[in-house]
1. Within region A:149-167, track down each residue that is crowded, with 19+ Cβ neighbours inside 10 Å and of a type in the set (Asp, Glu).
2. Any residue that is more than 20 Å from A:Lys183 (Cα to Cα), of a type outside the set (S, T, N, Q) and assigned to a loop (DSSP other than H, G, I, E, B) - is there at least one of those in region B:294-309?
3. Could you name every one of the helices (runs of 4 or more DSSP H) located completely within region A:87-191 that has at least 1 residues being within 12 Å of another protein chain (Cβ to nearest Cβ) and modelled with pLDDT under 80?
4. Can you tell me which of (1) more than 14 Å from every other protein chain (Cβ to nearest Cβ); (2) within 19 Å of B:Asn444 (Cα to Cα) is the one B:Gly390 doesn't meet?
5. Read through the list (1) under 30 Å from B:Glu87 (Cα atoms); (2) in contact (Cβ under 8 Å) with a residue 40 or more places away in the chain, then give the number of the only condition that B:Gly178 fails.
6. Return yes or no: is B:Trp35 of a type in the set (Phe, Trp, Tyr), in a helix (DSSP H, G or I) and touching a residue at least 60 places away in the same chain (Cβ under 8 Å)?
7. Give region B:322-347 a look and list any residue that's within 9 Å of chain A (Cβ to nearest Cβ) and not polar (S, T, N, Q), or say none.
Amino acid sequence: MAKVLLIEDDSETAEEITAELADRGFEVEWSANGIEGLDKARSSRPDAMIVDRLLPGMDGLTVIEALRKEQVRTPVLVLSALGAVDDRVRGLRMGGDDYLTKPFAVVELVARIEALLRRPVESRETLLRVGPLELDLIERTAKRGDRVIELLPREFRLLEYMMQRSDQLLTRAMLLEEVWNYKFVPATNLVDVHMGRLRHKVDGPGEAPMIHNVRGAGFILRSVS
Amino acid sequence: MVPATYADVDVKQGHPGGEIPMRQPQFIRSNTFHWALMVAGVFAVFVIVLFGFIYWQIDDYLTARSDRVITLEVEGIAGLSPERRLEAMDERLKQDPRGVQLAAIFAADGHRITGNIESLPADLRIDGPAQAANIVKTNGSGRQHQVVRTIARRMRNGDVLVLGRNVDEAREISHVVGEALALGLLPAFLLCLLAGAWLSVRAQKRVEEVNQRVQRIIAGDLRERLPHRNIDEPFSKLAGIVNGMLDEMETLIHALAGVGNDIAHDLRTPLTRARITLERGRTNATTLEQLQAVADKAIAGIDQSLTIITALLRLAEIENSRRSASFADVPLHDMLREVCDIYEPIAENKNITLQVGVTSRVTVRGDRDLLIEAVANLVDNAIKFTPEGGRVDIELLRGGGGETIVQVTDTGSGINEQEREAVLRRFYRSDKIRNTPGVGLGLNLVAAIVKLHGFRLAIHPGPGCRVEIICPDREAAIQPARPATRQAVS
C-alpha cells in the first residue's frame, strides 16, 4: 500500500483529497504547514507527496528544494492557485515532478499521483508489449497479434506513451503535456480526436477493445479486456 | 490629506501649511496678480530712470549753450571802448524780460561800477572758462541769492567784467517733462494693476469652474468634461488634452464594467444549467444510473465555469508577467509544423485542408510554450470558423519592413471592419457564431502573448480571415531555407 504525504493548509481540501485517496487504497498522512510537513517527509519516508505551494511556515517549493538537497527523491505533486508561467515550476517539471493548478478535478489528482508512483523505469527494452499489442521502438512498427498496424509518427508516440503506462488512467491534460508537450488546454478536444484515430487502428473490427474511455476523466490502455 | 471642498483648496494654495490671519480678496493672493504688480513696479522704475536721464541731458545741453553765449558776449563787450561798454551793458540788461541776464563791471579794488551783481563773487576765477558761481543779484526791488553760470574778464584798464546767465529754464523744462512722464506713469501703473487683477480673477474663475467639474467627475459623473473653447489658448489646449484623457478613461472604465458583466453572464449560464439539472434530478431520478447521469451533466456545467475562470486567470497571469530571462531561441518553422501536426486530424474530420508553408528558417527569442499556445489558438479559431470543405493555411513569411510574419488564413466568414477591434475584447463573440462553443478569450490570450514578446498582432479582412503575428527583426534571426519547402500535410 503506497504511502502519500499531503501538505495542505486548507483543511476542507485536505479532507476531500484524503478521503478520495483512502478510497483508492492509499495510506494518507496530512500536515497543515510547511515546517511540520518537511519533518514528516524526513521521518516517515512517504512514497509520494502532494504539496500545496502557499503554506504557512515555509512555502511548498522551498520544502521540496530542502528535500532535494538532502537527496530525498520522493516524487512530488505541487498544488497551486497560481499558474505555471514560472521558471521554478518548469524546473520542477524537468525534475520529474508534477504540478496541478487549482481548481482541479479529484480524478486528475489521483491519476497524476498514480502516474508519479508508477513512473516507468528507464529500460533498454526496445520492444514494448501490452496484451496482444507489440511496439518495436527501433523498427518503428506496431502489431496487434499478427495484424500489422500502420501508424503516423504522432500516433506512434501516443501509443508508446500509453503502452509504457498500461492499465493507468491518463487524463487529457497529462497526454497533452507529455505526448504533445502542450502546457495548456486547447479549446478543441484535440486529445479525443487523436485518440479516436488511434483507437480505430488499434481496436479493429471484431477485436476486444483495448483503449477505454473513462467518462469525464481520460483514457486507459487495458492489457486484458 | 485630500481637501474635501473647494474652499479648502483655496486656503492651502496661497499659504501652504500656514495660518492666514485675514482673508484677503482671492485675486490679490493669486500668482497672476503678483506678476502684474511686479511688472508695474519695473515699469515705474524704468520711467523714473528715463526721467532722470532726460533731465540730466537737458540740463547739460542748456548749460553748455548758455556758457557758449556768455563767453561770446564777454569777449564782445570786453573788446568795446569803455563808453560803448557801459551802453552795451545797459542794453543787455534792458532786453531781458525774463530777468535771466546778469552783468556787472567791478573796479580793480572790487567795488561795483555798474550792473546788477552786488559784489564780485569770491569763487569766480577771472579769465577762466564759464563756471557756476554763487552771486547776489540786486535791482530796484531788492537782492536775491542765485547760483548761475558766470564768466569774468579783466579788461585793459584793470576793471573786471562779469557776465552771468540764469539757467533755471533747464529746471523748468525738466519739470514739464517730469510732469508729463508722471501723468503717463500713473495711468500705466494703474492699468497694469487692473489688468493683473482682471487676469487673476478670470484665471481664478476658470480654475473654480474646472474644479467644480472635476469634483463632479470624482463624484462619479464620468461624462463631465472640462470647459473648452475652440481657440488657440493655453488653458483651452490644456482642457482639450485633459478631456482627451477623460474620454479614454471613460471608454476603459465602461469596457471594464462590460467585462465584469460578461464574466458574470458567461459564468451564470453554465451554472444555471447545472443547478436546473441537479434540481430536476433530485426530484425525478429514481435509479442510481439516472442520478449519476444528472451528476455528470452538472459536473460538465461546473467544469465549463471553471474553464472560464482558469482562462481568465491565465490571461491575467500572462498580461502581468514580464519578458522572462528564460526566453530562448524558438525555431518558428519547426513550431508551425508541430501545430499543424496536432490540428491535422481535427481539420480532416471537418474536411478542411490544413497546410503549412515555410519558405525560410526563422528563430525568434521567446517562450516556446506560449508561442505554440498563441499559434494553436489562431489555428483552432480558423478551423472552428471555417465551414466544411474550406482551407486553412499557416505560413511563415518575410515582411517588407524587415520582419517575420506568422500568418494564419482561413476561408471562413471573416471578421468585418466593425468587429476587428471588438474581437480583441474579452468574451466577444460575433452574433454570427453565437452557437459555436468556446470561452471567447482565445484572441485575448493571443494578443497578450504577442504583446509579452514585443510582437504585433494584425487582423485583416477577407476573403475569409487573415491573422498575422508580426515579429520585428531584432527579435528574429533569419537563415536561408535549406530546401525551400512547402509541406502539404493534408
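1. Result: A:Glu155, single match.
2. Checked against the condition, which is being more than 20 Å from A:Lys183 (Cα to Cα), of a type outside the set (S, T, N, Q) and assigned to a loop (DSSP other than H, G, I, E, B), region B:294-309 yields no hits at all.
3. Hits in region A:87-191: A:87-94.
4. It is condition (2) that B:Gly390 fails.
5. So the condition that B:Gly178 fails would be (1).
6. yes
7. B:Ala325, B:Glu338, B:Asp341, B:Ile342, B:Tyr343, B:Glu344, B:Pro345, B:Ile346
This table checks each residue for (1) assigned by TED's automatic domain parsing to the domain that holds B:Val177; (2) surrounded by 13 or more Cβ atoms within 10 Å (Cβ to Cβ); (3) β-branched (Val, Ile, Thr); (4) without any contact (Cβ under 8 Å) to a residue 12 or more places away in the chain.
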| position | (1), (2), (3), (4) |
| --- | --- |
| B:Phe53 | yes, no, no, yes |
| B:Arg92 | yes, yes, no, no |
| B:Gly99 | yes, no, no, no |
| B:Ala104 | yes, yes, no, no |
| B:Ala108 | yes, no, no, no |
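The values are calculated or read from the model by the stated rules, or taken from the named source; none is laboratory data. Computed from a predicted structure; not experimentally measured. Neighbour counts are summed over all protein chains in view; Cβ atoms, including those assigned to glycine, are modelled from backbone coordinates with ideal geometry.
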